[in-house]
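Enquirer: Just passing along the structure, written as structure tokens.
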Amino acid sequence: MSFYSADVVYFDVVPPLQYLGSAALRDRFLHWLDGYESEIGQDARDLTIAVSGDIAVASMLIQTGGRLKNGSAVESWVRGTSCFRRSDDKWLITHEHISVPIDPGSGRAAIGLNP
């Protein structure tokens, strides 16, 4: 949590879709982590970073997966964008947006695609 600003705005793929502040985000992360019996693997691809002064933006594709406590294995791709602000020579995430692609034909999430 030390990478997040106290007033972070986090958009997620699960309801309530928006988490405001590091305390709410910490609760979200703890709930997410608690659903797994295994480690959660994450592999970032196609990372791009743009920096201008005290603002930076990073975007990437993330393959994530593991074994849930109910025994099922899950694996999916998500898209992530992180916005950073430098303050006192420290970069903090002020906004993060995680999303899943959709299949326009069915309107359903396309999380199993391999980019």
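Enquirer: Return yes or no: is D7 part of a strand (DSSP E or B), farther than 20 Å from S99 by Cα and not aliphatic (A, V, I, L, M)?
Expert: Taking the combined requirement at face value, the residue satisfies it.
Enquirer: Oh, and also: In segment 31-38, is there at least one residue being assigned to a loop (DSSP other than H, G, I, E, B) and free of Cβ contacts under 8 Å to residues at least 12 places away in the same chain?
Expert: no
Enquirer: While we're on this one: Just to be sure I understand, how many residues within segment 63-79 are within 14 Å of the chain's Cα centre (by Cα) and touching a residue at least 24 places away in the same chain (Cβ under 8 Å)?
Expert: The total comes to 5.
Enquirer: I've got another one for you. Quick test for you: out of S22, S52, pick the one residue that is at pLDDT 95 or above, closer than 22 Å to D7 by Cα and surrounded by 15 or more Cβ atoms within 10 Å (Cβ to Cβ).
Expert: Every option except S22 fails the conditions.
Enquirer: Just to verify a result, which residue in segment 82-115, among those that are of a type in the set (V, I, T) and closer than 18 Å to W32 by Cβ, is modelled with the highest pLDDT?
Expert: I93
Enquirer: Since E96 meets every condition but one in (1) under 16 Å from Y10 (Cβ atoms); (2) without any contact (Cβ under 8 Å) to a residue 40 or more places away in the chain; (3) among the acidic types (D, E), which condition does it not meet?
Expert: For E96, the exception is condition (2).
Enquirer: Does segment 62-81 contain any residue that is polar (S, T, N, Q), more than 21 Å from P15 (Cβ to Cβ) and modelled with pLDDT of 95 or more?
Expert: No.
Enquirer: Moving on to the next point. For segment 1-54, give me the residue count where each residue is closer than 28 Å to R86 by Cβ and in contact with a Gly (Cβ under 7 Å, 6 or more places away or on another chain).
Expert: Result for segment 1-54: 3.
Enquirer: Any residue in segment 1-27 that's more than 14 Å from L92 (Cβ to Cβ): show its pairings with residues that are part of a helix (DSSP H, G or I) at Cβ separation under 7 Å, as long as the two are six or more apart or on different chains.
Expert: D12/R28; Y19/L25; Y19/R28
Enquirer: Would you confirm whether any residue within segment 59-69 is in contact with a Phe, Trp or Tyr (Cβ under 9 Å, 6 or more places away or on another chain), part of a loop (DSSP other than H, G, I, E, B) and either closer than 17 Å to F3 by Cβ or among the basic types (K, R) (or both)?
Expert: yes
The values are calculated or read from the model by the stated rules, or taken from the named source; none is laboratory data. Every value quoted in this text rests on a predicted model; they were computed, and no experiment measured them. Please note: Cβ atoms are built from the backbone with ideal geometry, for glycine as well, and neighbour counts cover all protein chains shown.
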